[in-house]
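The values are calculated or read from the model by the stated rules, or taken from the named source; none is laboratory data. Since the model is a prediction, treat every value here as computed from it, not as a measurement. Quick reminder, even Gly has a Cβ in these numbers, built from the backbone with ideal geometry, and neighbours come from all protein chains shown.
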């Protein structure tokens, strides 16, 4: 695909063929903005940037929504609250979800946030220190040193989340939100945090709303359990049991 787009842009004098109503493909924009088909990014660089967009922009939201679905099957009472909230917004209509609907789904948003707190798709990240500083624990960081930030541990730290930090409780985002701005960072934090944070939340809210409007999400085993999920880490954190649930059609 990269080679064919590069050849097409060369043929059209480094300009993507599109009109004012058609957005340019992401790949064309990358080639053009980096210097054109002949002097811009190499094929390898284009491949890496495209993979970042595909994986970071889509796979993370899909994994997050999948964890939310499993948690719905574990907490049927909370799922019922979400369904009632959705009913308040949509009633029994089958109209499409719009962006204006999403801010009204506040409990659903808290449920998603609590899922991402306990099961962040990206549980660690790395940074390079750009200046000397001393951490609260007294460790001196010098410029150039690598630092691993452990979101999984931060999200379970009783100092910021209370003694029930291991408990799944969406209400905590209403009752006692974290007091430190970096205590909650499922989308990283700082100048290199995720640019698509709001889009990701909108995407997950839309997915889960569409699902819960039509189906009850039940545990795959037939019996609900609040045991911690079994996980594996492979680029992102994944559910060992493949996010298995049962779906039961709702009667309208």
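Kindly evaluate residue 251 against the criterion of being in a loop (DSSP other than H, G, I, E, B), farther than 20 Å from residue 106 by Cα and without any contact (Cβ under 8 Å) to a residue 60 or more places away in the chain.
Numbers: in a loop (DSSP other than H, G, I, E, B): yes; farther than 20 Å from residue 106 by Cα: yes; without any contact (Cβ under 8 Å) to a residue 60 or more places away in the chain: yes.
Against the criterion (in a loop (DSSP other than H, G, I, E, B), farther than 20 Å from residue 106 by Cα and without any contact (Cβ under 8 Å) to a residue 60 or more places away in the chain), residue 251 qualifies.
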What single numbered condition from (1) more than 19 Å from residue 239 (Cα to Cα); (2) touching a residue at least 24 places away in the same chain (Cβ under 8 Å); (3) not in a strand (DSSP E or B) fails to hold for residue 148?
-> (3)
If you check 85, 45, 32, 109, which single one turns out to be closer than 25 Å to residue 188 by Cβ, touching a helix residue (DSSP H, G or I) at 6+ places or on another chain (Cβ under 9 Å) and free of Cβ contacts under 8 Å to residues at least 24 places away in the same chain?
-> 45
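Only one residue in 115, 125 is closer than 30 Å to residue 75 by Cβ, modelled with pLDDT of 95 or more and either part of a strand (DSSP E or B) or in contact with a helix residue (DSSP H, G or I) (Cβ under 9 Å, 6 or more places away or on another chain) (or both), so which one is that? I'd like the intermediate steps shown before the answer.
Numbers: 125 fails: modelled with pLDDT of 95 or more.
It is 115.
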Conditions: (1) out of contact with any strand residue (DSSP E or B) (no Cβ under 6 Å at 6 or more places or on another chain); (2) at pLDDT below 95. Residue 155 meets all but one. Number of the miss?
-> (2)
Mind listing whichever residues of the stretch 226-252 are closer than 18 Å to residue 123 by Cα, surrounded by 13 or more Cβ atoms within 10 Å (Cβ to Cβ) and modelled with pLDDT of 90 or more?
-> 229, 231, 237, 238, 239, 243
Do any helices (runs of 4 or more DSSP H) entirely within the stretch 156-218 hold 1 or more residues that are under 30 Å from residue 91 (Cα atoms), and if so, which?
-> 172-175, 197-214
Every residue from the stretch 45-61 that is loosely packed, with under 15 Cβ neighbours inside 10 Å and under 21 Å from residue 247 (Cα atoms) = none
